[in-house]
Amino acid sequence: MHKPGEQRELERELAVPEQLGAGMVVVQEGEPLELRLRLESVHEGILASAELSTVARGQCVRCLTDVELPVEVDFQELFAYSLEDAYDFEVRDERVDLEDPLRDAVVLSLPFQPLCRPDCPGLDPVTGERLADADEADAARGSED
């Protein structure tokens, strides 16, 4: 603290404390989260730079198949010694609380409309069957002929 140029690097594996996200794909509570963190003392406060990775789970918006998506996020936040300088976060009791910026970074990185694959054809509007399954069955029958 208050020694510009000092830094610490940490690597941690944590369990996500609560569900992150609320859409078609979320990072579930208890999911492992790998965090690589660098804390640097600067004149204004502590600069936290982080790389994190975890897995989000949900459903494809077109065919409702379960999907599992890797989540990899980089973020950087300045924790000011005093909030008088119009920063969002503050160093308290010589500590930085990364929960809010970490949660925000993960949630903002989640896809709004996750897909099982980029060319997912979705569901048949009449039968409700996955069109990808029907295409695969047709292709298999065509190769037998």
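The values are calculated or read from the model by the stated rules, or taken from the named source; none is laboratory data. Since this is a predicted model, take the numbers as computed values, not measurements. Neighbour counts are summed over all protein chains in view; Cβ atoms, including those assigned to glycine, are modelled from backbone coordinates with ideal geometry.
Please go through the range 84-125 and give me each residue that is loosely packed, with under 11 Cβ neighbours inside 10 Å and not acidic (Asp, Glu), ordered by number.
Ala86, Arg92, Arg95, Leu108, Phe112, Gln113, Pro118, Pro125
Please state which one of Cys63, Cys120 is in contact with a strand residue (DSSP E or B) (Cβ under 7 Å, 6 or more places away or on another chain) and closer than 24 Å to Gly23 by Cβ.
Cys63
Return yes or no: is Arg95 of a type outside the set (Ser, Thr, Tyr), modelled with pLDDT under 90, closer than 14 Å to Cys60 by Cα and more than 19 Å from the chain's Cα centre (by Cα)?
No: the conditions fail for Arg95.
Scan the range 18-39 and tell me whether some residue there is of a type in the set (Asp, Glu), assigned to a loop (DSSP other than H, G, I, E, B) and touching an Asp or Glu at 6+ places or on another chain (Cβ under 6 Å).
yes
With the requirement that a residue be in contact (Cβ under 8 Å) with a residue 24 or more places away in the chain, surrounded by fewer than 16 Cβ atoms within 10 Å (Cβ to Cβ) and charged (D, E, K, R), what does the range 1-58 give you?
The answer is Lys3, Glu6, Arg8, Glu9, Glu11, Arg12, Arg36, Arg38, Glu44, Arg57.
Taking the residues in the range 1-60 that are among the hydroxyl-bearing types (Ser, Thr, Tyr) and closer than 23 Å to Ala80 by Cβ as candidates, determine which candidate is farthest from the chain's Cα centre (by Cα).
Ser41
If you go through the range 65-73 one residue at a time, do you hit one that is surrounded by fewer than 12 Cβ atoms within 10 Å (Cβ to Cβ) and in a loop (DSSP other than H, G, I, E, B)?
no
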